[in-house]
1. In nm, what is the difference between 0.36 nm times the number of residues separating F142 and A88 and their Cα-Cα distance?
2. Among 137-146, 150-159, what's the highest-first ranking by average C-beta atoms within 10 angstrom per residue?
3. D104's amide H: which non-local residues (gap 5+, or another chain) put their own amide H closer than 5 Å, with H modeled 1.01 Å from N in plane and none for Pro or chain starts?
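We did not get these values from a lab; they are worked out from the coordinates using the rules stated. It should be emphasised that the depicted structure is a prediction, and the values quoted were computed from it without experimental measurement. Using ideal geometry, Cβ is built from the backbone for each residue, glycine included, and neighbour counts are taken over all protein chains shown.
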Amino acid sequence: MTAKSMYMSPRMGTKMSPRHGLSFMKPGNLLTSLPGSPPLRRWATRLLGAGLAVAAYLLCLPWDLRNRPETPGAINETSPVTAVGIAALTVSMLALAAYFGFRDRLVWALLLVAGPPATLMYVSFDSHPEPDAAVWPLAWGFFVLVMGVGVLAVAGFARLFRDSEN
């Protein structure tokens, strides 16, 4: 048996890839359109993207669940949020938005990239004590709007490059 005949399909008489079961790991598949890909690959990629958005939020904006004032009597609570963390979260979310804008539909890019951080931000704001209750819904709405518009803008821009290739 020769190396060439080892990968021949008995039915079709065509060559089969020696890694035909691992075709999703080919580098060329990282930029193919998700709606046309097999369901397992499509949903695994989407779940991985949502997981990366969650991880980016949790790593860049760590939670201080104690919600305590820095000094007794102060009205400002401590916050581990830094400018570097916000910048890192912005860059990672925009990179994910560009990737999913290129590979998937705009709605999925919005849901996968902006949805998980918006949900985590809601949970974080909702965990604050009552004196913050009057302000946090407005802050949450504003930040979700900014995230959504940014994700849609970058995903739409990335989508232009996909359409020019086809």
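1. My answer for the length gained is 17.5 nm.
2. Ranked by mean Cβ neighbours within 10 Å, highest first: 150-159, 137-146.
3. Here L34 satisfy the definition.
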